[in-house]
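The values are calculated or read from the model by the stated rules, or taken from the named source; none is laboratory data. It should be emphasised that the depicted structure is a prediction, and the values quoted were computed from it without experimental measurement. So basically every Cβ, Gly included, is an ideal-geometry build from the backbone, and we count neighbours across all protein chains shown. Only protein heavy atoms, including side chains, enter the accessible area calculation; ligands, DNA and RNA are left aside. Shrake-Rupley method; radii C 1.70, N 1.55, O 1.52, S 1.80 Å.
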Amino acid sequence: MNSKSLTQFRTWIAEQGLDAFLVTQLQNRTYLSGWFNEDDEGSGLLLVSQQQQIVLTHKFYKEPAEKEAAGWQIIVPETREYAETIVSLAQEHGWKKIGFEAKAITYWEYDQICRGGSGVEGGGDPRGRPGENAFTLHPFEYNIIDTLREVKQPRELELLRRAIAITDETFAHICDWIQPGMTEKEVEQEIARSMVSLGADEPAFDSIVASGPNGSMPHAIPGERRIQTGELVTIDMGARYKGYCADMTRTVCLGEPAEPRMREIYDALLKAMKTCEAGLHAGISSRDADALARNVLETAGLAEYYIHGTGHGVGLQIHEGPTLSQRAPEDKVLPAGAVITIEPGVYIPGWSGARIEDCGLITENGIEVLTQSPAQLVIQR
């Protein structure tokens, strides 16, 4: 259990004027309680008040929850429909105002809790028909857990370093193994096999292997296209290790590039990534961090083909805060302890594309680049 973060969360709950908070988002649940379960649907949720910290789960998950959620009260309702138990706990503890994660609950679940609240003696519907024992539900699009998760704790950094190391080892294997004539799908499958053999839970996401003209699509889906010599091949991959996600992209060419333009674009991307890494530090704004890479590509005449932000946080999710983006809030800064990606890319429809991506740890004075795979375009064949 992350006791420091739980204390900060309770302080935030009080500042919002709430009696309790319902945590339904899977990674937030894991972060606070220490209980990791990939089965999101119906597996459980948290209720946190100033005195109580409760896990509601199904009997299938009772034993792992008891082992991993140290210090939490484990309650197993008769069914996976937790509304009745939530209402009962609110009545038992006198909770009148309960917050919830608006993006991580279905309308059906919300409605069930509301209906349950109207069914207790002296109760009312939390949507606005109060009774003496009623509680009200308050939606929050974001809460402090999102911010707390941006700064990694020592144990989290340990797990992230291992996930990144597995990713590096897998890429080294792929560079030795890949041959012209293999399909994108075959490469994707070998990435997954290698990661698991090295100790990963699984790939953190579906790997991208985009060869030739498919490289113009940032999130291309690997297919039956056969990789050819002399063309750009973008490989975006990352291992998940004990719940924590790595993310890395390399663009390679089997043999010498068929066109000088390929090398020119690759060199511009590499310069953009290295320039950005050299300028990052705690306290830099998300917009300024993005501009470090974007300005290099603009100078190279490639800005129109750079169609996404420069980076994002990684952790329990493959995409989490903070972001390196020109669309970030003006006052958003990168905190020390955040693990982020730096991933400039160029995508030219009808031709091809390329992306290079590292993971790095933001420090007070700079960045520690965690990804160790060489950024080298040509693989001799």
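On a 0 to 90 degree scale, rounded to 10, what angle separates helix 107-118 from the longest Cα axis of the chain?
The angle comes out at about 10 degrees.
What percent antiparallel are the DSSP beta bridges of the chain, to the nearest 5?
75 percent
Note down the magnitude of the dipole of the chain about its Cα centre, charges +1 on Lys and Arg C-beta and -1 on Asp and Glu C-beta and zero elsewhere, to the nearest 20 debye.
Result for the chain is approximately 300 debye, rounded to the nearest 20.
Using the alpha-carbon atoms, what tilt in degrees (0 to 90, nearest 10) does helix 260-279 show relative to the longest principal axis of the chain?
Between the helix axis and the principal axis of the chain, the angle is about 50 degrees.
Compare the peptides 333-340, 109-116 by average per-residue count of other Cβ atoms within 10 angstrom and give them in order, highest first.
Going by the mean number of other Cβ atoms within 10 Å, highest first, we get 333-340, 109-116.
Calculate how steeply helix 83-93 sits against the longest principal axis of the alpha-carbon atoms of the chain, using the helix alpha-carbon long axis, and give the answer as 0 to 90 degrees to the nearest 10.
60 degrees
Whenever you get a sec, compute what percent of the accessible area on the chain sits on carbon and sulfur atoms (1.4 Å probe).
Roughly 49 percent of what the probe reaches on the chain is carbon or sulfur.
Based on the Cα gyration tensor of the chain, what are the three equivalent ellipsoid semi-axes, each the root of five times an eigenvalue, rounded to whole Å and given largest first?
Equivalent ellipsoid semi-axes, largest first: 45, 22, 18 Å.
Averaging sequence separations of C-alpha pairs under 8 Å and six or more residues apart, then dividing by the length of segment 133-251, give the relative contact order as a whole percent.
29 percent
Taking Cα centroids, how far is segment 207-226 from segment 269-334 in Å?
After rounding, the separation between the Cα centres reads 24 Å.
If a/c stays under 1.5 just call it rounded; otherwise compare a/b with b/c (prolate if a/b is bigger, oblate if not). Do that for segment 240-295, with a ≥ b ≥ c from the square roots of the Cα gyration tensor eigenvalues.
oblate
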